[in-house]
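*Asks:* Pasting a structure here, questions to come.
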Amino acid sequence: MLNVPSQSFPAPSSQQRVASGGRSKVPLKQGRSLMDWIRLSKSGKDLTGLKGRLIDVTEEELKKHNKKEDCWICIRGFVYNVSSYMEFHPGGEDELMRAAGSDGTDLFDQVHRWVNYESMLKECLVGRMAVKPAIPKDYHEEKRVLNGLLPKSQMTDISTKEGPSSPSYDWFQTDSLVTIVIYTKQKDIHLDSIIIDHQNDSFRAETIIKDYSYLIHIGLSHEVQEDFSVRVVENVGKIEIVLKKTENISWKCLGHPLEKHNSLIPKKDTGLYYRKCQLISKEDITHDTKLFCLMLPPSTHLQVPIGQHVYLKLTITGTEIVKPYTPVFDSLLSEFKEPVLPNNKYIYFLIKIYPAGLFTPELDHLQIGDFVPVSNPEGNFKISKLQEVEDLFLLAAGTGFTPMVKILKYALINVPSLRKVKLMFFNKTEDDIIWRSQLEKLAFEDERFDVEYVLSAPTSEWKGKQGHISPALLSEFLNRSSEKSKVLLCICGPTPFTEQGIKLLHDLNFSKDEIHSFTA
């Protein structure tokens with residue numbers, strides 16, 4: 001899975017971000033795009049300097065290759081010659097050089113652990129470490145074969161001495177039903193805390209408990225029907241999953257355990273699980289933004305929590321590429337009309353199509369009925385941030401509006417303390433404003449909500465605000481309903497916009513706890 005460079009790379013704390021004045025990417029030379037790298041890696045050129053040989057690399061040998069023109073990096077026991085990749089790296093050469101001649105596993109995981117480096121650097125593989133590298137002590141990964149090699153050391157399941165107490169599960173049956181019960185021992189469990197995928201005889205139920213993942217993964221002993229039901233008893237943290245038997249016979253056992261069954265591990269170490277979702281519709285929203293509707297498989301339960309995103313995956317020129325997107329509702333005003341489709345089976349995405357891009361044109365070329373792999377949710381926004389909020393300020397630029405959609409509606413419907421919600425929406429032109437009529441209707445329907453548009457390239461007829469995010473615009477916009485009201489500020493957009501906005505908010509004396517930023 002190659003990464004279409006996004007605002008998550010390099011890491012927020014990296015020196016490159018500090019040195020580049022808010023830019024997340026280093027400008028690449030002509031002919032050094034992601035597609036150019038794909039072409040080079042498939043050209044047959046020797047990128048390792050070893051003419052196709054795979055070797056065992058000692059720690060002493062690895063340390064010798066620490067220059068830009070001769071740079072080897074170890075990731076999870078495998079060594080790659082990334083010298084040829086230097087000029088293609090969206091984070092710049094300096095970022096790669098931080099791991100030159102050493103184990104870069106920790107650095108890689110800090111930046112974007114979800115990227116499939118095996119695919120991206122397959123032709124750069126030198127070999128494996130001859131001795132065990134410095135793999136993070138809590139890392140766990142299944143055995144996998146890469147170019148015919150296995151790492152010499154494999155990690156065992158970690159013990160979770162810290163974090164929540166380990167859940168447990170049980171199962172019961174009647175003539176026609178099988179009920180799996182998960183006892184999480186937590187009280188903040190909701191329907192969006194559990195993700196269920198049933199394919200063939202494999203049953204997979206992942207429960208998110210704080211920053212941990214509890215997995216039930218079983219090969220069922222008998223067939224069940226596609227549809228099932230899920231119920232959460234929130235006050236005791238109990239989850240009930242009811243499966244329908246295909247045959248009304250008594251099961252002697254639930255089934256046999258599969259990979260990582262009955263495990264509780266940090267969520268950051270779980271990896272991403274994908275299921276294929278079918279494209280149901282595409283609707284033009286602006287001149288270059290479309291609303292995509294994807295349908296979940298019939299044997300999947302997945303509800304993306306507010307403020308979180310998923311990854312979409314496409315195969316382009318034989319290479320898997322992924323990109324993060326935040327699901328939205330099908331409409332800001334859906335409560336004013338009869339829902340056309342049940343919400344629990346469909347996921348909607350507002351996506352801007354970049355004609356010169358690599359990922360979005362391929363996405364746009366998909367036909368109705370085609371399938372797109374969709375990952376499990378990711379993100380660190382907690383719904384508890386909205387509890388007791390009195391003033392909610394949303395700052396969005398372009399498609400940075402997408403995380404605000406669910407936050408806006410949830411706050412207006414479910415936060416009784418809320419006095420005011422204000423959205424400042426930055427765009428280039430009027431034609432770029434997503435769901436403008438719906439935003440204005442919502443403002444008309446609910447007096448607590450107000451929206452202001454700011455355009456950077458307006459026509460001469462534009463009478464509203466214009467320019468870029470600035471102290472003057474923010475100081476006028478951020479008016480509390482009372483001097484000591486509880487405030488939350490959410491910001492999302494291109495990285496320069498977000499980082500400049502956060503700096504300005506701190507200058508205006510808003511604390512770190514009052515600000516939450518999203519990746520656009």
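*Asks:* List the trypsin sites (Lys or Arg not before Pro) within the stretch 241-306 that DSSP assigns to loop and that have no more than 10 neighbouring Cβ atoms inside 10 Å. Let's see the in-between values first.
*Replies:* Working: sites: K244, K245, K252, K260, K267, K268, R275, K276, K282, K290; in loops: K252, K260.
For trypsin sites (Lys or Arg not before Pro) across the stretch 241-306 that sit outside H, G, I, E and B with at most 10 neighbouring Cβ atoms in 10 Å, the list reads K252.
*Asks:* Moving to a separate point now. Can you classify the stretch 401-445 as rounded, prolate or oblate using the Cα gyration tensor, where a ≥ b ≥ c are the square roots of its eigenvalues, rounded means a/c under 1.5, and otherwise it's prolate if a/b beats b/c and oblate if not? Don't skip to the answer; put the middle values down first.
*Replies:* Details: a/c = 2.41, a/b = 1.94, b/c = 1.24.
Because a/c hits 1.5 or more and a/b exceeds b/c, the stretch 401-445 counts as prolate.
*Asks:* Rounded if a/c is under 1.5, else prolate if a/b is larger than b/c, else oblate: which is the stretch 365-520, with a ≥ b ≥ c the root eigenvalues of its Cα gyration tensor?
*Replies:* Note, shape of the stretch 365-520 comes out rounded.
*Asks:* Shape of the stretch 364-440 from its Cα gyration tensor (a ≥ b ≥ c, root eigenvalues): rounded if a/c is under 1.5, otherwise prolate when a/b > b/c, or oblate? Walk me through the numbers on the way to the answer.
*Replies:* Numbers: a/c = 2.44, a/b = 1.37, b/c = 1.79.
Oblate.
*Asks:* Quantify, in whole percent, the carbon and sulfur part of the accessible surface of the stretch 178-264 (1.4 Å probe; protein heavy atoms only).
*Replies:* Numbers: 1880 of 4110 Å².
Percent of accessible area from carbon and sulfur atoms in the stretch 178-264: 46.
*Asks:* Could you state the accessible area per residue of the stretch 355-429 in Å², with a 1.4 Å probe and every protein chain left in place? Working shown, then result.
*Replies:* Numbers: 2810 Å² over 75 residues.
Spelled out: the 1.4 Å probe surface of the stretch 355-429, per residue, equals 38 Å².
*Asks:* Give me the percent of the accessible area of the stretch 353-453 that comes from carbon and sulfur atoms, probe 1.4 Å, all protein chains in place.
*Replies:* Numbers: 2100 of 4290 Å².
Solvent-exposed carbon and sulfur of the stretch 353-453 make up 49 percent of the total.
*Asks:* How much area per residue is accessible in the stretch 456-499 when the probe is 1.4 Å and only protein heavy atoms are counted (Å²)?
*Replies:* Numbers: 2360 Å² over 44 residues.
Ligands and nucleic acids excluded, the figure is 54 Å² per residue.
*Asks:* Tell me, Kirkwood radius of the stretch 243-390 from alpha-carbon pair distances, in Å? Please report the intermediate quantities before stating the final value.
*Replies:* On the way: mean 1/r = 0.0554 Å⁻¹.
Evaluated on the stretch 243-390, it is 18.0 Å.
*Asks:* For the stretch 426-519, what relative contact order do you get, as a whole percent, if you take Cα pairs closer than 8 Å and at least 6 residues apart? Intermediate results must be reported in sequence, preceding the final value.
*Replies:* Details: 85 pairs, mean separation 20.9, N = 94.
Answer for the stretch 426-519 is 22 percent.
*Asks:* Okay, next question. Using amide H atoms built 1.01 Å from N in the peptide plane, name the residues 5+ places from V328, or on other chains, whose amide H lies under 5 Å from its own.
*Replies:* Answer set, sorted by chain and number: Y348, F349, L350.
*Asks:* Next up: Any idea of H198's accessible area? Nearest 10 Å², probe 1.4 Å.
*Replies:* Rounded to the nearest 10, that gives 20 Å².
*Asks:* Could you list the GluC sites (Glu not before Pro) in the stretch 411-520 that lie in coil according to DSSP, counting only those with at most 12 other Cβ atoms within 10 Å of their Cβ?
*Replies:* Working: sites: E430, E440, E445, E447, E452, E461, E476, E483, E499, E514; in loops: E447, E461, E483.
When the GluC sites (Glu not before Pro) of the stretch 411-520 are filtered for loop state and at most 12 Cβ neighbours within 10 Å, E447, E461, E483 remain.
*Asks:* Let me ask something else about it. Just to verify a number: what accessible area does R39 come out at with the full protein assembly present, 1.4 Å probe, Å² rounded to tens?
*Replies:* Here the residue's solvent-accessible area equals roughly 140 Å².
*Asks:* OK, next. For Y311, Y169, Y354, Y274, what's the largest-to-smallest order of accessible area, 1.4 Å probe? Walk me through the numbers before you get to the answer.
*Replies:* Details: Y311 15, Y169 75, Y354 115, Y274 35 Å².
I get Y354, Y169, Y274, Y311, largest accessible area first.
The values are calculated or read from the model by the stated rules, or taken from the named source; none is laboratory data. Just so we're clear, the structure is a prediction, and the values are computed from it rather than from any experiment. For neighbour counting, all protein chains shown are included, and Cβ atoms are generated from backbone atoms with ideal geometry for every residue, glycine included. Calculation scope for accessible area: heavy atoms of the full protein, side chains included, ligands and nucleic acids excluded. Shrake-Rupley method; radii C 1.70, N 1.55, O 1.52, S 1.80 Å.
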